[in-house]
1. Compute the helix-to-body angle for A:144-158: its Cα long axis versus the longest principal axis of chain A, expressed 0 to 90° and rounded to tens.
2. Compute the label zone of residue B:107 within region B:4-26: residues whose backbone N is under 19 Å from the point 7 Å along Cα-to-Cβ.
3. Is there a pair in A:4/A:242; B:30/B:132; A:157/B:217; A:329/B:105 whose C-alpha atoms are over 25 Å apart, and which pairs would that be?
4. Pull out the extension gain between residue B:175 and residue B:129, defined as 0.36 nm times the separation in residues minus the alpha carbon to alpha carbon distance; nm, one decimal.
5. Are there chymotrypsin sites (Phe, Trp or Tyr not before Pro) in region A:185-214 that DSSP marks as loop and that have at most 12 other Cβ atoms within 10 Å, and which are they?
6. Please list 3J(HN,Hα) in residue order for region B:136-152, calculated via the Karplus relation 6.51 cos²θ - 1.76 cosθ + 1.60 where θ = phi - 60°; whole Hz, with x for glycine and proline.
7. Which of rounded, prolate or oblate describes chain A when judged by the alpha-carbon gyration tensor and an a/c cut-off of 1.5?
8. Rounded, prolate or oblate: pick one for region B:113-220, where a ≥ b ≥ c are the square roots of the eigenvalues of its C-alpha gyration tensor, a/c under 1.5 means rounded, and failing that, prolate if a/b is larger than b/c, else oblate.
Amino acid sequence: MSRKVCIAGGNATPFDYPMHITPEAMAANCIVETQKDIPDFTLRDLDFMVYSHFSVHFGKQLCPEWVIHDHLGLVGLPHVRIENGGNTGGSALYGAFLAVKSGLFDCVGVYGWETMDNVTQSQGSEFIALASDTRYEALAGGIYPIYYAAMAYKFMKENNLTEEDFAMAAMKNRNYAADNEKSQFYRSDYTNPDSPYYKKTLTIDDVMESRLISYPLKRLDCCLMSRGGAFALVTSEEWAKKHAPGNYVEIAGAGLSSCTIRAGDRIDFPGWNEMYGKGYPDMTEFAACRRSGEVAYDMAGIEYKKAAKEVDVAEIHDAFSSSETQIYKALHWANTDNIREFVREKRTFLDGDVPTNVGGGLMGYGHPVGATGIMSAVETMYHLNDTAPKKHLSSKTYVKDANTGLVNSHAGTGTSISNFILRRP
Amino acid sequence: MTDKRMHKIPGHNDVKWDDKNSDKFRGDVKETGIGFMGYDYDTATEQFKVFLHYDQLYYWKYAEVSKLGKGFVDGEFWGTKCPKCGDKFFPPRVNCWNLDCNLEKSDWIKLKEEGIVHTFTIAGWSGKSSLKRLPFVLAYVIVDGCNTAIANELRGIDPWDAEFGMPVKVVWKPKDERQGTVTDWHFEPADGWKPGPMNAEKERMKELCQPVIEWVKTMK
């Protein structure tokens, strides 16, 4: 199959908690904004809609995509919803990629959203924890930050890292989010006089001094619970060239992989032992990230050991500062011997060789689950088509001359992970 | 001929529930279904919001894993073992995970109620139903040499004293309070285990725990 698949355009709404706009109005806003970038695009161009939404618990509405689809006037058009935990957005993009790659459709809309502000944050944590194995994990008082902390602590020890090393990503992503007026950090902290972080450039000390969530993670090491929506238009190359010249990017690689639901079940799993050697990934590494990353690198012709040099800009799933750090390793950007230096030399900061989460990431922009992976793809696209300076408040958070981008979306305790390589055409 | 890897499904009228305890722990919890509780309006921005409460009783059937639930009520740990490759599971898997074993049905085996801490964390925040227990240690423990680790609370210890690789034992709730779920038991340090001396990292953990301890004291 030689057909190239592209992202012709896309946009995200602001993310916030709380925020007062319905899922269908967020979809309409995203499409209107996409039309600003691709004036040629109308709803009549759509062949297929892929909806990306994680939890119907938040809206207490089954098949909520049906509300949105007919609101947009799309009756008759085929539609599906994809749900795959935190990797819902990435999985929906993957579904749209397959749909175009197959030759069946030329113009596929992907809209994702979540309305987590419909419940309190502690109730929201319990809802999300229903994606862990409820029989054995949620009942024991576990919620995702706790499972991630248990994995992060072992990773920290075995890779000779410190709490401060994790805090680098927490500080970085929030400070970049201060240059993005759609980001939750910008809306609820940076421009909010009631926030302790009002007009504040964060430091490592701010992260270290924030309250304990689950050792070694503190409040600022964790992502945000949000309401928000995001839209991407996945098309054939012919469609993109004709209707979105100057705006589209190519999906040069796409990988999707899976791991155990319970993190404790991956210390000796036959499938991984066979693929990567006995004992991998243990409870420290994200094997599904490594695998899906390798599939995407192979498709895009990127050598694993040169990945950090070849990727010019990345948006990765920083649900926690620790998971961002673990992902550096899973994507072959660093290894056990050099991860400490990789972090301390700020290789993923704007001045480093692989600027990561300059749109703010999940810790800065927010994490309305179904929208997140799509937001990450759109934010990566903004550098590859040079629209970042007008999408962000300044060109401070614009990665110039970027040709290759990486988008990562991640679910469960590393249970489903997708990676995409985007290229400037 | 029935393939012996198939799980048996009882007939439609075969399950009689002769040992019924369905309301044993209910207290005054009522099943109310859906209901609207009130509304808010903001005049300046013309925003309207309603308050919805929803509550539903579920019937979780353990079915072919029922031995686990009954074991918990009886104070016994039942895991499974693949007769082909010998991999041992807790939580139990009723078909082997090894693709070469081709869904071999595993055998139930009684496990020793002891294990080793594989990794752990000190929780300072949790879901609504667990807030009053904070701060607590959640440990992933390899029970009786299994090929998997199970998560549960590690008690009987100052949170900052937990260690990787420490030996633990299982401690049961009183029999009358057991519900057939993982909350029927927790881990505690094995008899004779002593924590190592305080060090900088433990001091840091202790310092992080103090505001959590104070916060929990203020809860009703």
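The values are calculated or read from the model by the stated rules, or taken from the named source; none is laboratory data. Nothing here was measured: the structure is a model prediction, and the numbers come from that model. Reconstructed Cβ throughout: ideal geometry from the backbone, glycine too, with neighbour counts over all protein chains shown. Side chains are part of the model used for accessible areas, which takes the heavy atoms of the whole protein and leaves out ligands, DNA and RNA. Shrake-Rupley method; radii C 1.70, N 1.55, O 1.52, S 1.80 Å.
1. Approximately 60 degrees, to the nearest ten.
2. Only B:4-8 pass the distance filter.
3. Values: A:4/A:242 14 Å; B:30/B:132 23 Å; A:157/B:217 32 Å; A:329/B:105 37 Å.
In this structure, A:157/B:217; A:329/B:105 exceed 25 Å between Cα atoms.
4. On the way: separation 46, 0.36 × 46 = 16.56 nm, distance 2.22 nm.
Extending this stretch completely gives an extra 14.3 nm.
5. On the way: sites: A:185, A:186, A:190, A:197, A:198; in loops: A:197, A:198.
Qualifying residues, ordered by number: A:198.
6. Result, ordered by residue: 10, 8, 9, 10, 9, 10, 8, 8, 6, x, 5, 8, 9, 10, 10, 8, 6 Hz.
7. Working: a/c = 1.32, a/b = 1.25, b/c = 1.06.
Rounded, since a/c falls under 1.5.
8. Details: a/c = 1.95, a/b = 1.14, b/c = 1.71.
Since a/c reaches 1.5 but b/c is at least a/b, the shape of region B:113-220 is classed as oblate.
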